[in-house]
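All remarks here apply to the structure that follows.
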Amino acid sequence: MKLLAGNPGWTVKADVIVIGSGVAGLTTALNLRSSNLSVLLVTKARIDEGSTKWAQGGIAAALGPGDTPEAHKKDTLIAGAGLCDAQAVDVLVTEGPEAVRKLIARGAVFDKSDTGEIALTREGGHLRNRILHAGGDATGAEVSRALLAAVHDDDGIEVIENALAIDVLMSDAGRVCGVTLHVIGAGSRDGVGRALARAVVIATGGLGQVYAQTTNPSVSTGDGVALALRAGAEIADVEFIQFHPTVLWRDDSLSGQQPLISEAVRGEGAQLVNDKGVRFMVGKHPQGDLAPRDIVAIEIFKQMKESNSPHVWLDTTMIKDFPERFPTIFASCIENGIDPRKQMIPVSPASHYSSGGVKVDLTGRTSIPGLYACGETACTGAHGANRLASNSLLEGLVFGTRISADIAANIVDASEPSKRSTKDFLLSPAIKMTLQLAMSQGAGVMRSEESLRETLATLEQLSAHTSTEPCIEAWEVSNLYLLATAIVRAALERHESRGSHWRSDFPVSSNDWVKRIVQKYDQDGNWSSKLEEVKL
Ligand code: FAD
Ligand code: SIN
């Protein structure tokens, strides 16, 4: 199955194609260069677009005095609510510190304490301070700046901006050997073309735009997971959409990317209160306001329902140096008429992170030869049912390094794309808002059989709105549709509540469900799913 697109009018070649220029794509590209492989990095907007540059709180790594990978592992497993792949977590926490050191060696500058040591803060689910941050709350911007500078200095990495990867190209032997791209460019590389390579790495980030309100930027339409699905790859854990508890509430009618109020703000003492001024997280969890994210999001949702209010409050008035410690958040609050030194911030949950994605092994290999996935697009199993705060940038660094090593060690000769024809489809961009609202209403923080069936029915109706006019908006919405369907299907199948999957009709976790839902989509557009044991 593929998306309807024009015939490729031009061809470009490299040893490896990396799709996406966030922490995952940039790290993979840079590490591939130590094996002298030529890299083509394609990215669908400007090179610095993507979630990475928006990251606020920081990067988690056991670098502080007395901290250990084992302690980091324990917190990750608890946040993951019994569904983490233990080996993937081991890799993440043990290789994490070295990956962060390498990032620092590449030029990233982190905030220091008064004694000159790297300053470490805390976020939800962490039992100790282990979050490195930069520019106060602008960690992602610094990570992105440092990696982009290194990519810029490397002549072996060719970058094509405004290049949207549409679908992968497969050889007759079933190996991925390139991608079709749409480039808004100049000269010979404009419009639809094809890029050929010996291996392809998808690092296209998250899928927050499946929902009406999200912390994710507009490029986060899950293109990589969708193109992997169409190619026949397995995806896993997609029902575990993480809703960030504290997103600045402005108006329910607003959609798209909303300003985040980092968990690190609670790490520095901020407290959640309801309409009556009651600290509702106290007594709900031993870590109170700093409980893992899924637990806080659910409690906020309950408070909002009880008080019939569109938000709760975050009291930040006790943080004396707020503008210096959180300059980005301070600016966005002021822009929205709130002074966090004197006023409480209205906050509500919004979609933030996909703990699932394209199923990969510990070297980032998908179920299709030649195709790798890295970063938020991938499902390594390290996040289980709910990612621990600040483990995502870390995952991009660690697995980007592993993938590049695996590609270098196993590189094969280039193969030619098959000439066999494949079925295609395309949906109309006009369905986007209806799709997002249906997902927010029926497959959001709380789901049930009834709400999910209603959403599925809406999605089925929307599938009739096809289009014959390929364009960026149509490709993106077709990807959103595929992912929305995958999320709802998995959420319907999982008859329990666990991590960020909360079913009002199955309110508790069940030992029968210590399993991963793995889905596939075949060449005729049929879905299938299987249950896999979790490697505990
Ligand atoms: P991204 O950084 O999203 O990059 C994806 C890239 O793929 C982009 O360049 C995009 O343009 C490109 N792309 C997408 N589709 C296509 C296509 N079809 N063709 C070509 N290119 C494509 N995590 C933490 O660990 N710590 C934090 O403090 C933190 N704070 C966050 C705050 C916010 C507001 C948000 C939104 C996320 C935060 N996260 C945080 C999560 C983390 O930022 C992301 O999970 C991580 O940056 C993802 O990196 P990535 O490289 O996988 O994807
Ligand atoms: C935050 O700063 O609260 C976001 C951290 C994350 O998503 O890991």
| note | With the first residue restricted to region 462-483 and required to be among the charged types (D, E, K, R), and the second required to be crowded, with 21+ Cβ neighbours inside 10 Å, Cβ contacts under 6 Å at 6 or more apart or on different chains are GLU476/THR221
| message | With the structure loaded, tell me whether SER415 is away from ligand 2 (no atom under 16 Å from the Cβ) and in contact with a Lys or Arg (Cβ under 8 Å, 6 or more places away or on another chain) or whether it fails that test. | response | yes
| message | Being part of a loop (DSSP other than H, G, I, E, B), open to solvent by 10 Å² or more (accessible area, probe 1.4 Å) and within 16 Å of ligand 2 (Cβ to nearest atom) is true for just one of GLY185, GLY205, GLY174. Which residue is that? | response | GLY205
| task | For residues that are more than 11 Å from GLU123 (Cβ to Cβ) and either in a strand (DSSP E or B) or open to solvent by 30 Å² or more (accessible area, probe 1.4 Å) (or both), tally how many sit in region 270-294. | result | 13
| Candidates ARG266, ARG230, filtered to the one that is away from ligand 2 (no atom under 16 Å from the Cβ) and modelled with pLDDT of 95 or more | ARG230
| message | Show the residue pairs meeting these rules: Cβ distance below 6 Å; 6+ apart or different chains; first residue within region 281-302 and charged (D, E, K, R); second residue part of a helix (DSSP H, G or I). | response | LYS284/GLU299; ASP289/ARG266
| said: Testing LEU164 on (1) touching a Gly at 6+ places or on another chain (Cβ under 9 Å); (2) open to solvent by less than 40 Å² (accessible area, probe 1.4 Å), one condition comes back false. Which one is that? | reply: (1)
| query | Which residue, of THR422, THR434, THR401, is assigned to a helix (DSSP H, G or I), touching an Asp or Glu at 6+ places or on another chain (Cβ under 9 Å), open to solvent by 50 Å² or more (accessible area, probe 1.4 Å) and among the β-branched types (Val, Ile, Thr)? | reply | THR401
| Single residue of region 243-265 satisfying the filter (of a type outside the set (Gly, Ala, Ser) and in a strand (DSSP E or B)) that is nearest to ligand 1 (Cβ to nearest atom) | LEU260
| request: Mind listing whichever residues of region 319-377 are small (Gly, Ala, Ser) and either surrounded by fewer than 19 Cβ atoms within 10 Å (Cβ to Cβ) or out of contact with any Phe, Trp or Tyr (no Cβ under 7 Å at 6 or more places or on another chain) (or both)? | output: ALA331, SER332, GLY337, SER354, GLY357, SER367, GLY370, ALA373, GLY375
| query | Out of all the residues in region 322-336, which are touching an Asp or Glu at 6+ places or on another chain (Cβ under 9 Å) and not hydroxyl-bearing (Ser, Thr, Tyr)? | reply | PHE322, ARG325, PHE326, PRO327, ILE329, PHE330, CYS333
| request: Answer yes if at least one residue in region 134-144 is among the aliphatic types (A, V, I, L, M) and away from ligand 2 (no atom under 16 Å from the Cβ), and no otherwise. | output: no
| query | Only one residue in GLY96, GLY125 is within 16 Å of ligand 2 (Cβ to nearest atom), assigned to a loop (DSSP other than H, G, I, E, B), within 24 Å of the chain's Cα centre (by Cα) and of a type outside the set (S, T, N, Q), so which one is that? | reply | GLY125
| Is it true that ILE157 is surrounded by fewer than 19 Cβ atoms within 10 Å (Cβ to Cβ), more than 22 Å from the chain's Cα centre (by Cα) and either of a type in the set (A, V, I, L, M, F, W, C) or within 14 Å of ligand 1 (Cβ to nearest atom) (or both)? | no
| remark: LYS73 meets each of (1) charged (D, E, K, R); (2) more than 18 Å from LEU147 (Cα to Cα); (3) within 15 Å of ligand 1 (Cβ to nearest atom) with one exception, condition (3)
| Identify, please: which residue in region 246-269 is of a type in the set (Gly, Ala, Ser) and under 13 Å from GLY124 (Cβ atoms) and is, among those, most open to solvent (accessible area, probe 1.4 Å)? | GLY267
| query | Which one is least open to solvent (accessible area, probe 1.4 Å) among residues in region 511-536 that are part of a strand (DSSP E or B) and over 18 Å from ALA226 (Cα atoms)? | reply | ARG516
| Out of (1) within 15 Å of ligand 1 (Cβ to nearest atom); (2) surrounded by fewer than 22 Cβ atoms within 10 Å (Cβ to Cβ), what's the single condition that is false for ALA99? | (2)
| message | If the requirement is being open to solvent by 40 Å² or more (accessible area, probe 1.4 Å), at pLDDT 95 or above and in contact with an Asp or Glu (Cβ under 6 Å, 6 or more places away or on another chain), which of these qualifies: LEU127, LEU37, LEU120? | response | LEU127
| field | Looking only at region 208-233, and only at residues there that are within 12 Å of ligand 1 (Cβ to nearest atom) and part of a loop (DSSP other than H, G, I, E, B), the one that is most open to solvent (accessible area, probe 1.4 Å) | value | SER218
| request: May I ask you to verify whether LEU63 is farther than 28 Å from ALA409 by Cβ, surrounded by fewer than 22 Cβ atoms within 10 Å (Cβ to Cβ) and in contact with a helix residue (DSSP H, G or I) (Cβ under 9 Å, 6 or more places away or on another chain)? | output: yes
| query | Can SER351 be described as out of contact with any helix residue (DSSP H, G or I) (no Cβ under 9 Å at 6 or more places or on another chain), under 22 Å from SER220 (Cβ atoms) and modelled with pLDDT of 95 or more? | reply | no
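The values are calculated or read from the model by the stated rules, or taken from the named source; none is laboratory data. Nothing here was measured: the structure is a model prediction, and the numbers come from that model. Here the Cβ is made from the backbone with ideal geometry for all residues, glycine too, and neighbour counts use every protein chain on show. Quick note on the areas: whole protein, heavy atoms, side chains included, nothing else; ligands and nucleic acids left out. Shrake-Rupley method; radii C 1.70, N 1.55, O 1.52, S 1.80 Å.
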